[in-house]
Amino acid sequence: MQRFDRYVLSQLMVLFGFFALVLVSVYWVNRAVILFDRLVSDGHTAGVVLEFTALSLPAVIALVLPMAGFAAAVYVTNRLSGDSELTVVKATGFSPWRLARPVLAFGLILGLILSILTHVLVPKSIEQLRLREQEIAGSISARLLREGVFLHPTRGVTFYIRAITTEGELQDVFLTDARQADRETTYTAERAYLLRDDDGPKLVMLSGMAQTVDRETGSLSTTNFADLTYDISGLITTGPAKRRRVEYIGTPELLMRTHQVAEEIGDTPGEVLEEAHMRFQLPLLALIAPLIGFSTLIAGGFSRFGVTKQIVLAIFLLVLVKLVESGVTGQVKDNGALWPLIYLPSLFGAAIATAFLWHAGRSGRPARRHAPAEGTAA
């Protein structure tokens, strides 16, 4: 690539890094706040929150990458035009098509990055995220080991711990089990330990008392114990194993085993094909978005009043492309045979960029001078 191409491409990459960092930070922080509120309220540590936010990062990057590329192209083109650099380069004979070459190279780089994200990183991260969600759903430590809080791990059960020592000893334990219709039992213990064995987790209470109320007769029976083992596996409802989801199934499997995958996960073939082809469509959109921004601004030419109108028009055109994308995805989900419509937004965006570059080439071409007719005065 020539020096000008390398210069423009470097400017695009720097600005892309800035806009991507800002947009990812905004989306990621919003996601992290939601996860922090949900996970910490369930008793999980900050490390689990950090792990979950990190696993959600590839999907956030894939979401904002085309917008960051578009913003970088608009900003760099506006700055080159404002500094008259584009005017100087055009004077040397560069056509709009030639000026678009570094922008095209920039779009190809973004498309390659987004392809890696959509086909590899995003499915793997979502799969790992779902597995971790299923694991912590049955976390005993998160559900039960919380000091000074009355917990209700399941209907009819109340659990309380005054304090937990560094050795893992539970002090002043209170447990009420009212799940049986004919009686209610309340356990109190000075100390307790949480143990695990092959049959499930057990709560071993020491130096305590069990009080059972017969609801039919209203009688109360009291039993003092030195130690008592209570099975708490029923307090942790992990639920059935979750089946696979279309978001983290590999692209080749989605394309070659469409109907089998749809039957397995309970989706329609159209939804499976929509997910598979969107993984190709998003990289194409990352390629087209910078070209739309560049071509729209360069077609407007130089103006002392700036290019605000062209920037607004470029944003409107990108929104229009996204509206087309939203319109076709619903049709593909309803009818899988219409999957080629997934690529209509990219074709529409490419047509817009081509039309503006063609218009810029015609408007920048010098007008022909006609030779004076014979016999006319000079």
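Between S84 and K309, what is 0.36 nm times their sequence separation minus the Cα-Cα distance? Round to one decimal in nm. Could you put the intermediate results ahead of the total?
Values: separation 225, 0.36 × 225 = 81.00 nm, distance 1.83 nm.
Full-extension gain reported as 79.2 nm.
Provide T296, T217 ordered by accessible surface of protein heavy atoms (probe 1.4 Å), highest first. Could you put the intermediate results ahead of the total?
Details: T296 5, T217 100 Å².
Listed by decreasing accessible area, they come as T217, T296.
Could you check how much of the accessible area of the stretch 79-227 is carbon and sulfur, as a whole percent, using a 1.4 Å probe? Display every interim value, and only then the final one.
Working: 4330 of 8180 Å².
Here carbon and sulfur together make up 53 percent of the probe-accessible area.
At a probe radius of 1.4 Å, what is the per-residue accessible area of D214, in Å² to the nearest 10?
Answer for D214: close to 50 Å² accessible.
Pull out the extension gain between E253 and F225, defined as 0.36 nm times the separation in residues minus the alpha carbon to alpha carbon distance; nm, one decimal. Walk me through the intermediate numbers first.
Details: separation 28, 0.36 × 28 = 10.08 nm, distance 5.89 nm.
So the extension gain works out to 4.2 nm.
³J(HN,Hα) across the stretch 92-105 via Karplus (A = 6.51, B = -1.76, C = 1.60, θ = phi - 60°), whole Hz, x for Gly/Pro?
For the stretch 92-105, the Karplus-derived couplings read 7, x, 6, 7, x, 5, 5, 5, 7, 4, x, 5, 5, 4 Hz, x marking Gly and Pro.
Once you order the gyration tensor axes a ≥ b ≥ c over the Cα atoms, which shape class does the stretch 67-198 get: rounded for a/c under 1.5, otherwise prolate or oblate by comparing a/b with b/c?
Because a/c hits 1.5 or more and a/b exceeds b/c, the stretch 67-198 counts as prolate.
Could you state how much accessible area E190 has, in square angstrom rounded to the nearest 10, with a 1.4 Å probe and all protein chains kept in place?
110 Å²
Using the Karplus curve 6.51 cos²θ - 1.76 cosθ + 1.60 with θ = phi - 60°, work out ³J(HN,Hα) for each residue of the stretch 120-128 in order, rounded to whole Hz, and write x for Gly and Pro.
10, 5, 5, x, 5, 5, 5, 4, 5
The values are calculated or read from the model by the stated rules, or taken from the named source; none is laboratory data. These numbers come from a predicted model, not from an experiment. Ligands, DNA and RNA are stripped out before the accessible areas are found, and what is left, the full protein with its side chains, is counted by its heavy atoms. Shrake-Rupley method; radii C 1.70, N 1.55, O 1.52, S 1.80 Å.
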